[in-house]
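Novice: The structure's right below; bear with me while I get my questions together.
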Amino acid sequence: MVTSKPHAILLASPGMGHIIPMVELGKRLLTHHAFHVTIFVVTTDSATTNSQILEQTSNLSSLNIVNVPPIDLSDKLPPNPPLAARIGLTIVESIPFLRSSITSIKDLSPPSALIVDMFGLPAIPMASELGMLTYVYFATSAWFSAVTVYFSAVDEKIMETHAESREPLLIPGCEPVRFEDTLEPFLSPGGELYEGYLQAAKDIVAADGILMNTWQDLEPSATKALRDNGILGRFTKGETYEIGPLVRTIEAKPEGGEKDAILRWLDRQPPESVIYVSFGSGGTMSENQMREIALGLELSQQRFVWVVRPPCEGDASGTFFNVSSGIDGTLSYLPEGFLGRTEGVGIVVPMWASQAQILEHPATGMFVTHCGWNSVLESVVNGVPMVAWPLYAEQKMNAFMLSEELGVAVRVKEEAGGVVGREQIAELMRRVMVDEEGVGMRSKVKELKLSGEKALCMFGSSHHSLCEIREACEVHLQSSDTKLSPACYSRVNTTVFSNVVSY
């Protein structure tokens, strides 16, 4: 029997920064907007942490999660390929499985729409030929979305001027992008990364709609510019929708269930007294930088929870694909005596911790973050100010927004040699945790927390956006012909998409 509910197919690209937003969007569509949802999860390994995240959704019986079989790329890529190349080719090679799976469920529940992130763009031609609406989900800021939309139509001479003169890149209706915060593809107009990102941008604006994990009160200028047909809206085929903040939800423990050791320790600390330090599921530091962070924490004389990963020289995204890689149970790379000197004051956690639970805890007073958008939103929705320490991709733009526009963070300054010293680290921590400056940041971020709650509630702006998407899917479901078209995945240009950078 064919269901009358709209059926959304979500394609989650490799990496927890891509999987988590898709899972949370799926939950929202299912529980608040009466969608039938199937999530295809593309992975490059069988990391246990990936499984833990997905298992948290198992109590939602109508949320179908399909793990795409891992793809062997060993004979298709050179040694140590760029991050974007590995993700892009993994998606392309997964399309035959995706097509076959969608075909098998069409009689029971014809899919109304395919929702992909920036790396899922190779699946859009297939979805269009299968009679589905296509949406691109930016699990990042409206500002970054605006840059991408503008880039799809900008004159290359403007980009050359930006790269050569190091002048800010002017984005209509939005904050300019300073050269020091610019995106890597923009540094080499006409180069491989540039051309790959340009093609991706053109494919994004040709979709039936663009979803963004943000809300109007957080980014009023960028969201307005994207919706305004006289500014950036004229570059997009479909509408843009602010649907955030969508962040990881915490599964309730059974009454009497045992708490995690970290949470038990946090229970014993005063309110807003603990610094949480984590650089995302993929972020890594050099051994020298790890040493300075440790000594900076000690010098700050503040309580802390620090999630550490083994040092990785020269690659800030060293554990992007497998958050468990390199774990050996030892912390020998930390300064001698550090663990003993900070016993009782802080906790060092190897590899992974439940970030959502830590940030929600009343004892957490600050977050030292790499400024990945998922982490930014999790901090904001819990009213926690930040030290912004961007590592790669669009994170420098996020850090600028947090520190300069919103006033909810202080930003790390680069130092000679590329290693941020312990003195600066300690100073920034104390500015947020002890000084009057931190009081103002805490007040501002709690205001944003309330505005985010309002956006998602009934009649809120983000709730309304998702209602608009449901309405479009219902209309499409009633009018579309569900007959399948011939296979099209072989036409996807793997070279174009393999050079789209990671965001």
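Novice: Give me the extension gain from F97 to S221: residue separation times 0.36 nm, minus the current Cα-Cα distance, reported in nm with one decimal.
Specialist: Extra length available between F97 and S221 comes to 40.6 nm.
Novice: Once you charge only the Cβ atoms, +1 for Lys and Arg and -1 for Asp and Glu, what is the size of the charge dipole of the range 261-451 about its Cα centre, to the nearest 20 debye? Mind dumping the intermediate values first?
Specialist: Values: 16 positive and 23 negative charges, 86 e Å.
Roughly 420 debye for the range 261-451.
Novice: Relative contact order of the range 261-451, please, whole-number percent, based on alpha carbon pairs below 8 angstrom and at least 6 residues apart.
Specialist: Computed over the range 261-451, the figure is 26 percent.
Novice: Follow-up. Based on the Cβ-Cβ distance of E160 and E404, what FRET efficiency does E = 1/(1 + (r/R0)^6) give at R0 = 25 Å, to the nearest 0.05?
Specialist: With a Förster radius of 25 Å, E is 0.45.
Novice: For D267 and V475, what does the FRET efficiency come to when R0 = 45 Å and r is the distance between their Cβ atoms, rounded to the nearest 0.05?
Specialist: Computed FRET efficiency for D267 and V475 comes out at 0.35.
Novice: Would you please state the base-10 log of I(q)/I(0) at q = 0.08, 0.14, 0.18, 0.19 1/Å for the range 261-451, with intensities from the Debye formula using one equal scatterer on every alpha carbon?
Specialist: Evaluating at q = 0.08, 0.14, 0.18, 0.19 Å⁻¹ gives log10 I(q)/I(0) of -0.22, -0.73, -1.29, -1.47.
Novice: Could you list R227, R178 in order of exposure, starting from the residue whose Cβ has the fewest other Cβ atoms within 10 Å?
Specialist: R178, R227
Novice: Just tell me which lysines come within less than 28 Å, Cα to Cα, of K444; anything on the same chain fewer than 8 places away is out.
Specialist: The qualifying lysines are K224, K396, K413, K454.
Novice: Using only C-alpha atoms and all pairs of different ones, pull out the Kirkwood radius for the range 158-244 in Å with one decimal.
Specialist: Kirkwood radius, the range 158-244: 14.1 Å.
Novice: When only Cα pairs under 8 Å and 6 or more residues apart are kept, what is the percent relative contact order across the range 79-196?
Specialist: Worked out over the range 79-196, it gives 15 percent.
Novice: Sort 159-167, 385-393, 358-366 for me by packing, meaning the mean count of neighbouring Cβ atoms within 10 Å per residue, highest on top.
Specialist: Packing order, densest peptide first, comes out as 385-393, 358-366, 159-167.
Novice: Then there's this: Taking the Cα centre of the chain as origin, sum charge times position over the Cβ atoms of Lys and Arg (+1) and Asp and Glu (-1), and report the length of that vector in debye to the nearest 20. If you can, show how the numbers build up before the last one.
Specialist: Details: 38 positive and 59 negative charges, 187 e Å.
In debye, rounded to 20, the chain gives about 900.
Novice: Run the helix sum for the chain: -39,500 (n - 2.57) per DSSP H stretch of 4+ residues, divided by residue count, reported at 222 nm to the nearest 500 deg cm²/dmol. Intermediate results must be reported in sequence, preceding the final value.
Specialist: Working: 18 runs with 200 residues, N = 503.
It lands at -12000 deg cm²/dmol.
Novice: Same structure, new question: Using label points projected 7 Å from each Cα along Cα→Cβ, tell me how many nm separate S104 and L450, to one decimal.
Specialist: 5.1
Novice: Moving on to the next point. Roughly how many Å is it from the Cα centre of the range 161-238 to that of the range 398-456, as a whole number?
Specialist: Answer, in whole Å: 25.
Novice: Please work out how much length the chain gains when fully extended from V434 to S188, using 0.36 nm per residue of separation minus the C-alpha to C-alpha distance, in nm with one decimal.
Specialist: Numbers: separation 246, 0.36 × 246 = 88.56 nm, distance 4.27 nm.
Separation in residues times 0.36 nm, less the Cα-Cα distance, equals 84.3 nm.
Novice: Just the ratio, please: alpha-carbon radius of gyration of the range 344-442 over 2.2 N^0.38 Å, N its number of residues.
Specialist: Here the Cα radius of gyration is 1.05 times the empirical estimate.
Novice: Quick check on the chain: what are the equivalent-ellipsoid semi-axes from the Cα gyration tensor, as sqrt(5λ), descending, whole Å? Don't skip to the answer; put the middle values down first.
Specialist: Numbers: eigenvalues 256, 133, 108 Å².
For the chain, the ellipsoid semi-axes come out as 36, 26, 23 Å.
Computed from the coordinates by the stated procedures, all read-outs in this text should not be read as laboratory data. Nothing here was measured: the structure is a model prediction, and the numbers come from that model. Reconstructed Cβ throughout: ideal geometry from the backbone, glycine too, with neighbour counts over all protein chains shown.
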